[in-house]
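Undergrad: One structure is given below, represented as structure tokens, and several questions about it will come after.
The values are calculated or read from the model by the stated rules, or taken from the named source; none is laboratory data. Note that the structure is predicted; figures quoted are calculated from it, not measured. Cβ sites come from the backbone with ideal geometry, for glycine too, and all protein chains shown count toward neighbours. Areas reflect the complete protein model, heavy atoms only, side chains present, ligands, DNA and RNA absent. Shrake-Rupley method; radii C 1.70, N 1.55, O 1.52, S 1.80 Å.
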Amino acid sequence: MKKSSMPDKRNPHAMLLTDQAALVTSVLDDILRTQTHSQRLSQAMHYGVMSGGKRIRPVLLLETARLLGVDPDMALIPACALEALHCYSLIHDDLPAMDDDDMRRGQPTVHKAFDEASAVLAGDGLLTLAFDILSDNNWALNAEISVKIINILARASGRSGMIAGQMLDLDAEGRFEAIQKPKALSEQHIRTLQDLKTGRLFVAAIDMACVLGRAAPDLRKNLLSYGVSLGRAFQLADDLIDATSNKDEAGKATGKDAQAGKATLVSLYGIEQAQFRLDALIDEATRMLHPFKSQADWHIWLVQSMAGRRS
Ligand code: IPE
Ligand code: IPE
Ligand code: MG
Ligand code: MG
Ligand code: MG
């Protein structure tokens with residue numbers, strides 16, 4: 001079976017992820033070092049992005065663009081915008097009002113390193129920064145492509161995407177009911193919740209690359225299906241990490257999903273069944289890449305690495 005573990009630095013695909021992640025990090029670092037009117041805001045935003053992070057979504061965008069023959073420079077700003085938005089989602093996800101987490105990427109969460117109000121504003125700043133850099137004239141793309149990319153990211157992250165998933169995730173805990181107890185969600189409901197809160201940003205990475213590369217409809221369809229399965233596999237691996245890993249390895253608190261009554265496939269089916277389902281998702285995603293033959297080797301490695309993901 002496929003067990004290429006993400007941290008294996010000798011693996012060329014893992015090395016590519018590391019190198020491309022470093023590129024995204026350095027561009028974001030440059031952007032975030034420019035001053036705002038508040039040093040505290042600049043520092044909190046910088047901390048929330050620069051505190052580590054695997055950069056999977058932006059590198060997925062870059063590598064999908066490469067697969068479609070796009071000049072890598074053209075994909076860099078959309079990749080950075082997506083990562084800025086993802087980092088915002090983590091800062092808010094960790095807030096006491098949401099998942100109430102003290103550790104992220106092995107370090108204190110933004111509201112712990114700073115304070116809650118600064119974390120809220122740093123998140124807001126990163127969300128809006130994503131659309132700022134995408135709509136900036138310095139990034140020379142034609143208007144039609146820019147608008148399409150902006151729309152993909154807005155739809156994927158907003159009320160029809162990630163934010164809706166986050167609300168369903170909290171609602172499933174039963175926290176908005178008079179008598180608070182976790183709701184028993186069906187597999188279908190959990191899928192929908194996870195497709196929204198996590199999957200939509202993975203699919204957006206791919207769709208933005210498809211716009212840049214003017215992908216043919218049949219290839220786009222396969223790539224988007226790969227993205228859906230990859231997002232599912234990614235969240236299932238995240239839920240397994242929560243159930244089976246520890247704080248040092250994961251870089252964030254574990255055992256919290258069961259404690260909070262989160263609706264996950266692990267809570268529904270148990271660890272062993274969830275692992276079978278993860279394998280099935282990996283196979284599903286891999287099948288979608290057949291038309292690309294060896295050109296999609298990195299994408300295949302990425303989804304297969306979900307089986308061995310520990311952080
Ligand atoms: C964590 O995402 C949030 C989920 C959707 C589970 P990542 O595991 O990609 O977080 P970083 O960016 O690498 O820290
Ligand atoms: C977060 O899901 C999804 C987001 C949109 C940020 P989780 O709440 O499971 O992510 P972790 O476990 O805190 O990283
Ligand atoms: Mg959450
Ligand atoms: Mg969380
Ligand atoms: Mg989690």
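Undergrad: Let me confirm something: among Gly158, Gly106, which residue is open to solvent by less than 50 Å² (accessible area, probe 1.4 Å), over 27 Å from Ala250 (Cβ atoms) and either of a type in the set (Gly, Ala, Ser) or in contact with a Lys or Arg (Cβ under 8 Å, 6 or more places away or on another chain) (or both)?
TA: On the way: Gly106 fails: over 27 Å from Ala250 (Cβ atoms).
Result: Gly158 is the single residue among Gly158, Gly106 that is open to solvent by less than 50 Å² (accessible area, probe 1.4 Å), over 27 Å from Ala250 (Cβ atoms) and either of a type in the set (Gly, Ala, Ser) or in contact with a Lys or Arg (Cβ under 8 Å, 6 or more places away or on another chain) (or both).
Undergrad: Pairs under 6 Å by beta carbon, first residue free of Cβ contacts under 8 Å to residues at least 24 places away in the same chain and on the phi < 0 side of the Ramachandran plot in the stretch 224-253, partner within 14 Å of ligand 5 (Cβ to nearest atom) and not small (Gly, Ala, Ser), six or more apart or different chains?
TA: So the pair list comes out as Asn246/Thr254.
Undergrad: Name the pairs: first residue in the stretch 81-98 and assigned to a helix (DSSP H, G or I), second residue of a type in the set (Ser, Thr, Tyr) and open to solvent by less than 20 Å² (accessible area, probe 1.4 Å), Cβ to Cβ under 6 Å, at least 6 apart or on different chains?
TA: Partner pairs satisfying both residue conditions: Leu85/Ser157.
Undergrad: Sticking with this structure for a sec: Restricting to the stretch 68-105, name every residue that is among the small types (Gly, Ala, Ser) and within 15 Å of ligand 4 (Cβ to nearest atom).
TA: Once the filter is applied, which keeps residues that are among the small types (Gly, Ala, Ser) and within 15 Å of ligand 4 (Cβ to nearest atom), the stretch 68-105 yields Ser89, Ala97.
Undergrad: Something else now. Any idea which of (1) at pLDDT below 95; (2) part of a helix (DSSP H, G or I); (3) aliphatic (A, V, I, L, M) is the one Leu32 doesn't satisfy?
TA: Leu32 satisfies every listed condition except (1).
Undergrad: While we're looking at this one, here's another question. I'm trying to understand the selection: among the residues of the stretch 171-184, which are open to solvent by 40 Å² or more (accessible area, probe 1.4 Å) and under 11 Å from Thr264 (Cβ atoms)?
TA: Our first condition is that a residue be open to solvent by 40 Å² or more (accessible area, probe 1.4 Å); within the stretch 171-184, this holds for 171, 175-184.
Passing the criteria: only Pro182.
Undergrad: Among the residues of the stretch 111-130, what is the count of those that are open to solvent by less than 20 Å² (accessible area, probe 1.4 Å) and either in contact with a Ser or Thr (Cβ under 7 Å, 6 or more places away or on another chain) or closer than 20 Å to Gly161 by Cα (or both)?
TA: Counting residues in the stretch 111-130 that are open to solvent by less than 20 Å² (accessible area, probe 1.4 Å) and either in contact with a Ser or Thr (Cβ under 7 Å, 6 or more places away or on another chain) or closer than 20 Å to Gly161 by Cα (or both) gives 4.
Undergrad: Among the residues of the stretch 179-199 satisfying the criterion of being within 16 Å of ligand 4 (Cβ to nearest atom) and assigned to a helix (DSSP H, G or I), which is nearest to Trp298 (Cα to Cα)?
TA: The first filter runs over the stretch 179-199 and keeps only residues within 16 Å of ligand 4 (Cβ to nearest atom), leaving 182, 190, 193-194, 196-199.
The next check asks that each one be assigned to a helix (DSSP H, G or I); those that pass are 190, 193-194, 196-199.
On the way: Ile190: 28, Leu193: 27, Gln194: 24, Leu196: 25, Lys197: 24, Thr198: 21, Gly199: 19 Å.
The selected residue is Gly199.
Undergrad: Inspect all residues belonging to the stretch 40-61 and state whether any of them is over 30 Å from Pro12 (Cα atoms), open to solvent by 30 Å² or more (accessible area, probe 1.4 Å), part of a loop (DSSP other than H, G, I, E, B) and hydrophobic (A, V, I, L, M, F, W, C).
TA: Just the residues of the stretch 40-61 that are over 30 Å from Pro12 (Cα atoms), to begin with: 40-45.
Applying the additional criterion that residues be open to solvent by 30 Å² or more (accessible area, probe 1.4 Å) yields 40-41, 43.
With the extra rule that they be part of a loop (DSSP other than H, G, I, E, B), the set shrinks to none.
Checking the stretch 40-61: not a single residue is over 30 Å from Pro12 (Cα atoms), open to solvent by 30 Å² or more (accessible area, probe 1.4 Å), part of a loop (DSSP other than H, G, I, E, B) and hydrophobic (A, V, I, L, M, F, W, C).
Undergrad: Here's a follow-up. Filtering the stretch 218-234 down to residues that are within 14 Å of ligand 2 (Cβ to nearest atom) and open to solvent by 10 Å² or more (accessible area, probe 1.4 Å), which residue is farthest from the chain's Cα centre (by Cα)?
TA: Residue satisfying both the conditions and the ranking: Arg232.
Undergrad: Taking the conditions exactly as written (assigned to a helix (DSSP H, G or I), without any contact (Cβ under 8 Å) to a residue 60 or more places away in the chain and crowded, with 22+ Cβ neighbours inside 10 Å), does Ala75 satisfy them or not?
TA: no
Undergrad: Next up: Ala81 versus (1) surrounded by 21 or more Cβ atoms within 10 Å (Cβ to Cβ); (2) more than 24 Å from Arg159 (Cα to Cα): which is the lone unmet condition?
TA: (2)
Undergrad: Additional query: In the stretch 137-157, how many are touching a helix residue (DSSP H, G or I) at 6+ places or on another chain (Cβ under 8 Å) and either in a loop (DSSP other than H, G, I, E, B) or β-branched (Val, Ile, Thr) (or both)?
TA: Here the count works out to 6.
Undergrad: Could you tell me which residue of the stretch 84-100 is farthest from the chain's Cα centre (by Cα), considering only residues that are of a type in the set (Asp, Glu) and within 11 Å of ligand 1 (Cβ to nearest atom)? Give the derivation first.
TA: Keep residues of the stretch 84-100 that are of a type in the set (Asp, Glu), which gives 93-94, 99-100.
From what's left, within 11 Å of ligand 1 (Cβ to nearest atom): 93-94, 99.
Details: Asp93: 12, Asp94: 15, Asp99: 17 Å.
In this case the residue turns out to be Asp99.
Undergrad: Given the residues Ile300, Ile271, Ile241, which is the only one that is open to solvent by less than 10 Å² (accessible area, probe 1.4 Å) and either of a type in the set (Val, Ile, Thr) or within 16 Å of ligand 3 (Cβ to nearest atom) (or both)? So that I can check it myself, show each step before the final result.
TA: Numbers: Ile300 fails: open to solvent by less than 10 Å² (accessible area, probe 1.4 Å); Ile271 fails: open to solvent by less than 10 Å² (accessible area, probe 1.4 Å).
Result: Ile241 is the single residue among Ile300, Ile271, Ile241 that is open to solvent by less than 10 Å² (accessible area, probe 1.4 Å) and either of a type in the set (Val, Ile, Thr) or within 16 Å of ligand 3 (Cβ to nearest atom) (or both).
Undergrad: Continuing with this model, one more query. Residues in the stretch 138-153: is at least one within 16 Å of ligand 2 (Cβ to nearest atom) and either surrounded by 22 or more Cβ atoms within 10 Å (Cβ to Cβ) or basic (Lys, Arg) (or both)? If you could, list the steps in order and put the result at the bottom.
TA: So in the stretch 138-153, the residues within 16 Å of ligand 2 (Cβ to nearest atom) come out as 153.
Retained after the next criterion (residues that are either surrounded by 22 or more Cβ atoms within 10 Å (Cβ to Cβ) or basic (Lys, Arg) (or both)): 153.
Looking for residues that are within 16 Å of ligand 2 (Cβ to nearest atom) and either surrounded by 22 or more Cβ atoms within 10 Å (Cβ to Cβ) or basic (Lys, Arg) (or both), one finds at least one in the stretch 138-153, hence yes.
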